[in-house]
Amino acid sequence: MKTIFYFFVFVSLVLSSNFNHVCGQSVVEIAAIKNPVVQLEAALQLPIRFDGDTIKLKNALAPFLELADKKRSVALKWAYYMRMADGFSIAFDRINSSSERYYRLAEQLLRVHPDPELEMLGCAREGYYNFIYRRVKEAFPFFLRANDLKSKVTIKKIPMVVKHYQFMASFYSYIGEQANAVAYLEEALLLPRRLHGNVSI
């Protein structure tokens, strides 16, 4: 058990260095990115920390929502909902109705415009949102759905796949399914090498 735990920690530290290659870009810069996966990665790293000020959060992400609507981009609209959910979670530091409202909006969007990759990530993110606030029972169906979708997605189409696989691994490790946790971490560890050179700004 200790060996698995240390492996988990080691891989998490190694993978954490891969998250920020498109972090902190402006909406204008994001709009100019041609690769859709990299564009989505940049969108999912838009700043959302405003010392609990949700008005600033809404104002900061409003130009990105305009971009998503202008481009009629389902992926960017979905990313907007995800970042708003993240932002309210950080602002309130607890489960809250605003975050859950944005998760539902993202879910409704994908019912009209199905996308298995975005659905998997949405489930992983909402599962992790519940998990970090110790609502393990509520997190279960989201992680199970994400795991079910794993065989239906194309890895190259998944933005920030390493981070999202860490979400999955963290949950499975917590509930004692170490083999599943390690499998996610091992695959995530291989992905940067596998995808290197295939994604560019």
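A residue that is without any contact (Cβ under 8 Å) to a residue 60 or more places away in the chain, assigned to a loop (DSSP other than H, G, I, E, B) and touching a helix residue (DSSP H, G or I) at 6+ places or on another chain (Cβ under 9 Å) cannot be found anywhere in segment 157-170. Does ILE55 meet the test of being outside any helix (DSSP H, G or I), at pLDDT 95 or above and out of contact with any Cys (no Cβ under 7 Å at 6 or more places or on another chain)? No, not satisfied.
To keep it simple, each residue is scored yes or no on (1) surrounded by fewer than 16 Cβ atoms within 10 Å (Cβ to Cβ); (2) basic (Lys, Arg); (3) over 22 Å from LEU110 (Cα atoms).
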| site | (1), (2), (3) |
| --- | --- |
| LYS34 | yes, yes, yes |
| LEU46 | no, no, no |
| LEU57 | no, no, yes |
| ALA62 | yes, no, no |
| ALA75 | no, no, no |
| ARG83 | no, yes, no |
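A count restricted to segment 86-114 and to residues that are under 18 Å from ALA146 (Cβ atoms) and either at pLDDT below 95 or touching a Leu at 6+ places or on another chain (Cβ under 9 Å) (or both) stands at 4. When each of ARG72, ARG125, ARG111 is tested for being within 29 Å of TYR174 (Cβ to Cβ) and out of contact with any strand residue (DSSP E or B) (no Cβ under 8 Å at 6 or more places or on another chain), the lone residue that passes is ARG125. Can you name the condition, by its number, that PHE140 falls short on among (1) at pLDDT 95 or above; (2) in contact with a His (Cβ under 9 Å, 6 or more places away or on another chain)? Every condition holds for PHE140 apart from (2).
Among the residues of segment 115-124, the one identified as surrounded by fewer than 20 Cβ atoms within 10 Å (Cβ to Cβ) and touching a Leu at 6+ places or on another chain (Cβ under 8 Å) is PRO116. For ILE155, the conditions (1) of a type outside the set (Lys, Arg); (2) at pLDDT below 95; (3) in contact with a Phe, Trp or Tyr (Cβ under 7 Å, 6 or more places away or on another chain) all hold with the exception of (3).
Taken as a whole, segment 175-182 holds no residue that is under 23 Å from GLN45 (Cβ atoms) and surrounded by fewer than 22 Cβ atoms within 10 Å (Cβ to Cβ). Within segment 107-115, one or more residues are under 24 Å from ASN35 (Cβ atoms) and assigned to a helix (DSSP H, G or I). For segment 127-141, the condition of being on the phi > 0 side of the Ramachandran plot, surrounded by fewer than 19 Cβ atoms within 10 Å (Cβ to Cβ) and not assigned by TED's automatic domain parsing to the domain that holds ALA79 holds for at least one residue. Residues in segment 143-156 that are in a loop (DSSP other than H, G, I, E, B) and without any contact (Cβ under 8 Å) to a residue 12 or more places away in the chain: there are none.
The values are calculated or read from the model by the stated rules, or taken from the named source; none is laboratory data. It should be emphasised that the depicted structure is a prediction, and the values quoted were computed from it without experimental measurement. Cβ atoms come from the backbone with ideal geometry, glycine included; neighbour counts cover every protein chain shown.
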